[in-house]
Amino acid sequence: MTNAETKPGIGAPSKRLEAMPPYMFQELERRIADKRAAGIDVISLGIGDPDEPTYPHVVKAMQEAVADGANQKYPSNRGRAELREAFAGFYDRRFGVAIDAESEVIPAIGAKECIYNLCFAFLDPGGVALASDPGYPVYTGGPILAGATPELLPLVPELGFAPDLSAVPADVAAKARLMFINYPNNPTGAVVPDGFFELVVSFAREHEILVVHDNAYSETTYDGYVAPSFLATPGAKEVGVEVFSLSKGYNMTGWRCAAILGNAEAIQTYWRLKTNVDSGLFEAVQLAGAAALGGPSGPLERMNETYTRRRDLVVAALREIGVEVSAPKGTIYVWAPVPKGHTSTSFAELVLEEAAVVVSPGSMYGPSGEGFFRISLTTPDERISEAVERMREHLS
Ligand SMILES: *Cc1c(COP(=O)(O)O)cnc(C)c1O
């Protein structure tokens with residue numbers, strides 16, 4: 001065979017990229033685009049991206065930091081001491097978890113980047129990662145791109161949207177090196193069931209699996225619920241890391257500010273990979289992140305009041321149209337079963353056609369998401385009211 005025959009051609013994807021699951025929602029997106037082009041006022045409750053601005057004290061810290069030439073150079077890849085110490089202080093005050101600012105925390109350019117890089121740090125071609133299903137897409141995409149296989153851990157509603165770890169086949173557990181879990185959970189809105197983190201620690205110990213707890217929503221909770229850190233579980237630091245993101249709680253999705261905390265050896269390995277891939281987090285963002293973590297909690301509380309109000313609007317409207325939904329105690333999502341006779345996609349299409357409202361089909365987040373849809377609360381109150389009014393009117 002000549003070289004030319006083995007090459008896929010200029011611009012064609014690698015085999016790894018080709019192995020990514022096909023993007024299923026082109027049809028839905030095409031319909032949204034068509035409607036908007038036709039002048040229809042489509043309200044999107046699809047994406048989870050806070051609509052409110054970043055808190056003023058964080059913006060102010062950024063404005064000051066960005067004007068300082070010392071912060072404009074290549075950043076320290078290990079992270080500024082101010083930010084590592086701010087994370088350590090926050091984990092102590094907020095979660096009662098002791099973090100050594102030197103060895104147990106490194107800033108990341110967002111949780112997504114961090115999780116992707118963890119796959120390359122810990123998985124070899126042919127390796128296995130355990131991934132919550134439904135789950136944030138990089139839990140499966142990261143392993144696939146690293147040449148490994150994601151094995152799905154179905155989140156079982158009967159177990160409070162926790163996976164049944166005793167159902168993981170022995171050969172899968174034996175091969176797995178990573179396990180991705182996330183509470184409060186996207187997309188289900190579930191909070192961690194009592195005792196589940198303890199089960200995870202003993203499972204990980206038994207099978208020598210590095211646990212990655214994606215903590216994107218601990219600060220976004222309702223009805224008095226306070227979310228724990230996975231690292232507060234006895235033994236967690238021996239088997240796991242936590243990825244903490246400022247994106248959702250602090251309205252900072254665009255800033256790309258997160259960190260990985262926990263097991264020092266794992267963090268050292270992650271850092272070794274990371275030094276080969278990126279050049280660190282912009283130092284002005286690091287200082288702004290420190291200001292966010294060390295700042296007042298009032299803005300977070302007001303944000304959570306806003307989401308509670310929106311959640312209640314959505315839950316009440318869904319119940320009126322016959323959807324049996326429970327009100328989530330955390331995250332920015334309402335996760336609900338589709339009405340009988342529908343698939344996730346057919347229901348999302350119906351809502352778009354009838355009400356010009358976009359909801360996310362649950363199957364976007366994995367096979368166990370089939371039969372559900374997700375509504376994001378990150379749209380201003382009056383638009384959420386309008387959207388639920390339309391759903392009431394057209395879907396009752
Ligand atoms: C939004 C989200 C993230 C992304 O965090 P970034 O820090 O913005 O990359 C990670 N995990 C979950 C579960 C999310 O919902």
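What follows is calculated from the coordinates using simple rules that are stated; it is not laboratory data. Since the model is a prediction, treat every value here as computed from it, not as a measurement. All Cβ positions, even for glycine, are placed from backbone atoms using ideal geometry, and neighbour counts span all protein chains on display.
Only loop residues by DSSP count here, and only those with at most 11 other Cβ atoms within 10 Å; note down the GluC sites (Glu not before Pro) in region 292-363 that meet that. Don't skip to the answer; put the middle values down first.
Values: sites: GLU301, GLU305, GLU320, GLU324, GLU349, GLU353, GLU354; in loops: GLU324.
Listed in order of number, the matching sites are GLU324.
Counting Lys and Arg as +1 and Asp and Glu as -1, each charge on the Cβ, what is the dipole of region 315-396 about the Cα centre in debye, to the nearest 20? If you can, show how the numbers build up before the last one.
Working: 7 positive and 11 negative charges, 62 e Å.
So the dipole magnitude of region 315-396 works out to roughly 300 debye.
Just check the chain against the gyration tensor rule for me: Cα atoms, a ≥ b ≥ c as the square roots of the eigenvalues, rounded for a/c under 1.5, and otherwise prolate or oblate depending on whether a/b exceeds b/c. Rounded shape, in that the Cα axes give a/c under 1.5. Using the rule -39500 (n - 2.57) for each DSSP H run of four or more residues, divided by the residues of the chain, the 222 nm mean residue ellipticity is -11500 deg cm²/dmol. So if R0 is 56 Å, what FRET efficiency would ARG272 and GLU320 give, r being the distance between their Cβ atoms, rounded to the nearest 0.05? Once the sixth-power term is evaluated, E becomes 0.55. Mean silhouette area of region 148-256, derived from the convex hull of its C-alpha atoms and averaged over all directions, reads 7.6 nm².
What translational diffusion coefficient, in µm²/s and rounded to a whole number, does the Stokes-Einstein relation yield for region 135-210 at 25 °C and a viscosity of 0.890 mPa s, taking the hydrodynamic radius as the Kirkwood radius over Cα pairs?
188
Electrostatic bookkeeping for PRO184 treats Lys and Arg as +1 and Asp and Glu as -1; over the other residues with beta carbon under 15 Å from its beta carbon, the sum is 0. When each of the peptides 98-106, 169-177 is scored by how many other beta carbons lie within 10 Å of its residues on average, the order from highest to lowest is 98-106, 169-177. Farthest towards the positive end of the charge dipole of region 56-294, among the residues GLY224, HIS213, ASN77, is the Cα of ASN77, using unit charges on the Cβ of Lys, Arg, Asp and Glu. Net charge dipole, the chain: roughly 620 debye, given to the nearest 20, about the Cα centre with Cβ charges of +1 for Lys and Arg and -1 for Asp and Glu.
In this simple spin-label model, placing a label point 7 Å from the Cα along the Cα-to-Cβ direction at both THR308 and THR343 gives a separation of 4.0 nm.
FRET efficiency for the GLU206 to ASP92 pair, using the beta carbon distance and R₀ = 25 Å, is estimated at 0.25.
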